[in-house]
Amino acid sequence: MKIVFRMILAVVLSVGGVTAMAAAPAAAAYATPGYVLTSTTASLPSELSAVATGKKISYVTTSITGATITATGLVLTPKTGKNNKIVAWGHGTTGLADGCAPSTNQAVFWAEARIAVAELISRGWTVTAPDYPGLGTPQAHPYLIGNSEARSLIDGVKAARNLDSSLGVNYAIDGHSQGGQGSLFANQLAPSYDGNLVLKGTAAIAPVSNADVISPLIPGSEANGYLVMAMFGIAAVDSSFNPLTVLAAPAEAKLSVLATGCLNEILAAYADLSDTELVEGGTLPDSLLTKLATYDNPAQTAPSAPILVVQGTEDEAVPYFVTADLLIPQLEAYSQPVDFVVIDGASHDEAVIQSADLVADWIAARFA
């Protein structure tokens, strides 16, 4: 079984003929997170090219064990009104394969993300937009592993400052869904990881949290694909977990979509499976729930800067009750201020669009 799993994981998560489990040799000689390895002119969506110039970069970051790895992403510089502040944008789920990196695949630079990022740029802020490790680089993507996303978000800010010496040390983080989760983890990690940077606040729109509560609700639903990706996210960082011990045969038969498709294709492939067709016995083992809680849940340690959480009441991906009834009290148990904004009737993506101005105003107040 172990041999079969390794073969499937290697095939499913390999991109462009390079096995995703391989190390990232380009970064091996560089020990400084944020070091820029390559920088080229980026092609941007029209909504952003009108207001910003872009660089596609590869840069040094670290894995959750501290190993040096490579990440990719964008650095977006306002064409007018630029100041010295930086905002890191954490994108929502795109997929697991290299082709699902927003810096190179505009189809997964989602419409709501373009609106949010354009608003940030309009305030004169340089925006960094990491792809997250494993999207566009050799290693497997540690999907929903919060401390992986957090490191690439912070190191993307360092990389921007290495490209542009006029940028200051003050930064904020704004993220949606997976990126909202990453922003909360970055808030926790910042004091021990961001060096001389100063995190002024993080905004999290419909952030993933309490994964051990959400996940048991998924089998047999249209969200099946998220759970499959989450299992492979754990497998990318935890060799003791084998997704094939949990997935049922009909779900295993569809694993190739993780390498050939991105979010929409993955969700479509798994949407019609019943609970017992997705996972053995139709329920998730407690051992998996424990790993989901350990790796995926923010608010396990104290945040270091103010937090804004935005949540729509009709969110189909991150249930409203998970944010309102669980995450917010968890965050409020610490000393940092937490602002919670509810958008009545908003879906998962609509919450981003409808809060773009509000979030930018909140960040501006933190910078002020």
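The values are calculated or read from the model by the stated rules, or taken from the named source; none is laboratory data. Worth saying up front: this structure is predicted, and the values here are computed from it rather than measured. Cβ coordinates were reconstructed from backbone atoms using ideal geometry, including for glycine residues, and neighbour counts include every protein chain displayed.
Below are the figures for this structure:
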{"quantity": "Where a residue in the stretch 287-313 is in contact (Cβ under 8 Å) with a residue 12 or more places away in the chain and surrounded by 19 or more Cβ atoms within 10 Å (Cβ to Cβ) and its partner, wherever it lies, is of a type in the set (D, E, K, R) and part of a loop (DSSP other than H, G, I, E, B), with Cβ under 7 Å and at least six apart", "calculated": "Lys291/Asp238"}
{"quantity": "Output for the stretch 332-366, where each listed residue is in contact (Cβ under 8 Å) with a residue 40 or more places away in the chain, part of a helix (DSSP H, G or I) and either within 22 Å of Ala302 (Cβ to Cβ) or touching a helix residue (DSSP H, G or I) at 6+ places or on another chain (Cβ under 6 Å) (or both)", "calculated": "Val352, Ile353, Ala356, Ala360, Trp362, Ile363, Arg366"}
{"quantity": "Entirely in the stretch 204-296, the helices (runs of 4 or more DSSP H) that have 1 or more residues that are on the phi > 0 side of the Ramachandran plot and touching a Cys at 6+ places or on another chain (Cβ under 8 Å)", "calculated": "none"}
{"quantity": "Selected residue [under 20 Å from Thr32 (Cβ atoms), touching a Pro at 6+ places or on another chain (Cβ under 9 Å) and not in a helix (DSSP H, G or I)] from Gly124, Gly195, Gly134", "calculated": "Gly195"}
{"quantity": "Complete set of residues in the stretch 300-317 that are within 14 Å of Ala203 (Cα to Cα) and assigned to a loop (DSSP other than H, G, I, E, B)", "calculated": "Pro303, Ser304, Ala305, Pro306"}
{"quantity": "Test: Gly282 is in contact (Cβ under 8 Å) with a residue 40 or more places away in the chain and surrounded by fewer than 14 Cβ atoms within 10 Å (Cβ to Cβ)", "calculated": "yes"}
{"quantity": "Residue that is under 30 Å from Ala364 (Cα atoms) and in contact with an Asp or Glu (Cβ under 6 Å, 6 or more places away or on another chain), where the choices are Ala206, Ala248", "calculated": "Ala206"}
{"quantity": "Residue satisfying condition, being in contact with a helix residue (DSSP H, G or I) (Cβ under 7 Å, 6 or more places away or on another chain) and either crowded, with 24+ Cβ neighbours inside 10 Å or modelled with pLDDT of 95 or more (or both), within set Leu189, Leu217, Leu184, Leu163", "calculated": "Leu189"}
{"quantity": "Number of positions in the stretch 58-106 that are part of a loop (DSSP other than H, G, I, E, B), surrounded by fewer than 24 Cβ atoms within 10 Å (Cβ to Cβ) and at negative phi", "calculated": "12"}
{"quantity": "Residue match in the stretch 146-158 (condition: over 13 Å from Ala186 (Cα atoms), modelled with pLDDT of 95 or more and surrounded by 23 or more Cβ atoms within 10 Å (Cβ to Cβ))", "calculated": "yes"}
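For every residue, the table says whether it meets (1) surrounded by fewer than 22 Cβ atoms within 10 Å (Cβ to Cβ); (2) aliphatic (A, V, I, L, M); (3) farther than 26 Å from Phe109 by Cβ.
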site	(1), (2), (3)
Val208	no, yes, no
Glu222	yes, no, no
Ala230	no, yes, no
Phe241	yes, no, yes
Ala248	yes, yes, yes
Asn264	yes, no, no
Ala268	yes, yes, no
Leu278	no, yes, yes
